Amino acid sequence: MENNRYPARDIIRWLWRAWRGNRLQAVLNASLGLLGVCVSLAQVWAVQNAIDVASHSIEGSLYLAVALMGGLVICDFAIHVSAIWVRNILGIRAQNRMQQRMLDRILRSEWHGRERFHSGDVINRLEGDINNVVIFLTETIPNTLSVLAMFLGAFFYLFKMDHFLALLIIAMLPIFILVSKVYMKKMRKLTRKVRDSDSKVQSVLQETVQNRMLIKTLESDSMMVDRLETTQSELRQNVVKRTKFSVTSNLILNFGFALGYLIAFLWSAMRMFNYTLSFGGMTAFLQLVAKIQGPARSLTKLVPAFVSVFTAAERLMELEENPLEEQGDPIELEGPCGVRLDNVSYAYSANERYILKRLTFDFPPGSCTAILGETGAGKTTLVRMILALIRPNYGRALIYNKEKELNLSPLMRCNFVYVPQGNTLLSGTIRENLHLGRVEATEEEMNDALREACADFVFSLPNGIDTACSESGGGLSEGQAQRIAIARALLRCGSIMLFDEATSALDPETERQLLKNILEKHDKTVIFITHRHAVVEYCDHTLHVDRI
C-alpha cells in the first residue's frame, strides 16, 4: 500500500467533517480543561502565598491560606472526575455513531464481486482507527486548548516574575517546531506500516477461526500457526523500528527539558542567594517552569497523536473510495414482472476474460427458468447482474411488466426475492433471521413462510421461533438452515424469485414439496440456478450458460 496517498489538507477536511457530530463532547472537554488551567495556576499562587505567610515574608492567616489550598485541591478533583464521566459516557457514543456511519457507507457502496480489503482489515479499521479518530477529535484537540492556555498562563505569570527566563524559554519554540515537522513525516510512514501489519494479523486470525473445521480436517493447524507467526513477525519488526525512532527522539527532547529545568533552578537559586527572590517566590518560580515545560511536553505528545490520527483517517478514507450505489426511494413494479438480458457482456476487470459475452435471454413474467452450466461458466455472475450488484460492460439488463420497461438498478431490488448459495444464517434467534427478510413481518406471516419453506420443524423446537443459532446457523443441520433461509426470503414481497442452488442440502422428498409450495400459485417469476434434475423438471424454460 502506498504511504501518505492523501495530502494533509484533504485529511484535515475529512477530520473536520467527522468532528461535526462530536461537538458537544469536544466543547465539554475544552471547558473542563480550561477550568482546570485556572485552578492549577491558582494553586501556584496559593502555595506561594501560604509559604510566604509561613515564612513571615508577608502578613496573613496561615490557616486561611491552607484552607484556600484545600479548596482548590477539591475543585481540581471535581474537574478530574467530571472529565472522566464525559470521556467514558460521551466517548463511547461518539465511537458508536462513527462506526454506524462508516458501516452504513460501506453497505450502500457499489459491490464489484472482488473486495479490495480483507474483512479482517475492514474490522480492524472500523474498531482501531475509528477509536483513534474519535479520541483525537473529542479529547486530544480540546485538551490542546487547555495545554496552550496553561502554557500562556504560566508564561505570563513567569514573565511578571522574571522577563529574561520567560523569553529564553519562548525562544526555544522555533527549534521545537522545526524538529516536529521532520519527526512527523518519518513517524507517519512508520505508523502506517504498523497499522497495516496489525490488520494483516487480524485478517489471519479471523480467517483461521472462521474456517476452523476445514483447517482441522486438512490437518493444517501448524501451517496456519506458522502463517500467523509470519504476519506477527512483520508487525513486531515494524513496531521495533517505530519504537527505536520514538525512543531516540524522546531521549533528545527530554534531555533538552532537563537542561532547561536545571538552568531555571540555578537562576532562581542565584536570585534567592542575592535576596532578590523569597523562598515562596522560588517555589512558585520552579512550579511555573514545570507548568511551562509540562504543556511543552504535552505538545510533543501531540505530534505523535497527529501522526496516528492522520494514518487512521487515511485508512478510513480508503474505505470510502468505493462510490455509492444509486440512492433514492425503491422503485416497485406491479407484478408479475419479467427480466430481459439484451446482448450483455461482463468481465470483472479490463485484464480478465469475459464471464458473460453477448448473452440475450428473456425471463417472461410468471415463468419458471432453470439456469444450467458448468462451474465458472458465469451463472452466479448472471444472478449478480439481475440483482444490480454489477452492471453490464455492454448491453442492457431490463426489468419489465405490462406497462413499462426499465434498466435494472439497485433501486429495483425490492422486486426480487433472493436465496443465495450455502448457509447464510446469522447468529441470533430464528425470529431475528426471519426479520431480515421483512422487519415488520407478523408472527402469522413468519409461520406461514416457515410452512411454505418446509421448515415447520421449527415449531417443535424447545423455544420454537425464538430458538437461538450460533454463527452460520450453528445448532442446525445444513438442510434446516437452508429451509429457514428460504423462509426468510419468502417474507419479501418481490415478484421475481432467484434461487442459487438453494435446495442443494435437501432430501428429494423435501425438495419436491418445497418446489410444489413455491410454484403452485403461478404468480411469481422464478429463476433457479441448479445442477439438480428434480428442479429442472419443474421449469418451463432452461438457459445453458457455457464457459467462454
Original post:
Can you tell me which residues in the stretch 358-394 are part of a strand (DSSP E or B) and over 37 Å from the mean Cα position of the chain (by Cα)?
Top reply: 358, 359, 360, 361, 362, 363, 368, 369, 370, 371, 372
Subject >> Residue within the stretch 527-534 that is touching an Asp or Glu at 6+ places or on another chain (Cβ under 9 Å), assigned to a loop (DSSP other than H, G, I, E, B), closer than 30 Å to residue 333 by Cα and at pLDDT below 85 present >> reply: yes
Original post:
Would a scan of the stretch 101-116 turn up a residue that is touching a residue at least 24 places away in the same chain (Cβ under 8 Å) and under 15 Å from residue 199 (Cα atoms)?
Top reply: yes
Original post:
Do we find that residue 196 is modelled with pLDDT of 70 or more, buried (at least 18 other Cβ atoms within 10 Å of the Cβ) and on the phi < 0 side of the Ramachandran plot in this structure?
Top reply: yes
**OP:** Read through the list (1) at pLDDT below 85; (2) open to solvent by less than 70 Å² (accessible area, probe 1.4 Å); (3) assigned to a helix (DSSP H, G or I), then give the number of the only condition that residue 32 fails.
**Re:** (1)
Original post:
Is there a residue being in contact with a Cys (Cβ under 9 Å, 6 or more places away or on another chain) and modelled with pLDDT of 85 or more anywhere in the stretch 305-315?
Top reply: no
**OP:** Quickly run through the stretch 473-511 and pick out the residues that are part of a helix (DSSP H, G or I), over 13 Å from residue 437 (Cβ atoms) and not acidic (Asp, Glu).
**Re:** 473, 479, 480, 481, 482, 483, 508, 510
**OP:** Please tell me if residue 15 is surrounded by 13 or more Cβ atoms within 10 Å (Cβ to Cβ) and modelled with pLDDT of 85 or more.
**Re:** yes
Original post:
When you look at residue 506, is it aliphatic (A, V, I, L, M) and either open to solvent by 10 Å² or more (accessible area, probe 1.4 Å) or free of Cβ contacts under 8 Å to residues at least 60 places away in the same chain (or both), yes or no?
Top reply: yes
**OP:** Being assigned to a strand (DSSP E or B) and polar (S, T, N, Q) is the filter; apply it to the stretch 395-432 and report the residue that is farthest from residue 358 (Cα to Cα).
**Re:** 429
Original post:
Quick check, is residue 68 part of a helix (DSSP H, G or I), open to solvent by 80 Å² or more (accessible area, probe 1.4 Å) and more than 30 Å from residue 207 (Cβ to Cβ)?
Top reply: no
Original post:
Restricted to the stretch 348-357, and to residues that are in a loop (DSSP other than H, G, I, E, B) and of a type in the set (D, E, K, R), which residue is least open to solvent (accessible area, probe 1.4 Å)?
Top reply: 352
Subject >> Selection from the stretch 39-65 of residues that are open to solvent by 70 Å² or more (accessible area, probe 1.4 Å), modelled with pLDDT of 85 or more and within 30 Å of residue 139 (Cα to Cα) >> reply: none
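Each row is one residue, and each column tells you yes or no for (1) closer than 13 Å to residue 338 by Cβ; (2) touching a Pro at 6+ places or on another chain (Cβ under 9 Å); (3) of a type in the set (Lys, Arg); (4) modelled with pLDDT of 90 or more.
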| position | (1), (2), (3), (4) |
| --- | --- |
| 375 | no, no, no, no |
| 379 | no, no, yes, no |
| 385 | no, yes, no, yes |
| 390 | no, no, no, no |
| 396 | no, no, yes, yes |
| 399 | yes, no, no, yes |
| 402 | yes, yes, yes, no |
| 405 | yes, no, no, yes |
| 412 | yes, yes, no, yes |
Subject >> Hits in the stretch 87-99 (condition: within 16 Å of residue 28 (Cα to Cα) and open to solvent by less than 40 Å² (accessible area, probe 1.4 Å)) >> reply: 90, 91, 94
Original post:
Residues of the stretch 482-536 being among the β-branched types (Val, Ile, Thr) and under 22 Å from residue 375 (Cα atoms), which ones?
Top reply: 503, 526, 527, 529, 530, 535, 536
Original post:
Has the stretch 520-542 got any residue that is within 22 Å of residue 414 (Cα to Cα), of a type in the set (D, E, K, R) and open to solvent by less than 10 Å² (accessible area, probe 1.4 Å)?
Top reply: no
Subject >> Failed condition for residue 84, given (1) open to solvent by 50 Å² or more (accessible area, probe 1.4 Å); (2) over 48 Å from the mean Cα position of the chain (by Cα) >> reply: (2)
**OP:** For residue 352, work out the one condition from (1) out of contact with any Leu (no Cβ under 6 Å at 6 or more places or on another chain); (2) on the phi < 0 side of the Ramachandran plot; (3) touching a residue at least 24 places away in the same chain (Cβ under 8 Å) it doesn't fulfil.
**Re:** (3)
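The values are calculated or read from the model by the stated rules, or taken from the named source; none is laboratory data. Since the structure is predicted, the reported quantities are computational estimates derived from the model, not experimental observations. Note that each Cβ is placed from the backbone with ideal geometry, even for glycine, and that neighbours are counted across all protein chains shown. What goes into the accessible areas is simple: the full protein's heavy atoms, side chains included, and nothing from ligands, DNA or RNA. Shrake-Rupley method; radii C 1.70, N 1.55, O 1.52, S 1.80 Å.
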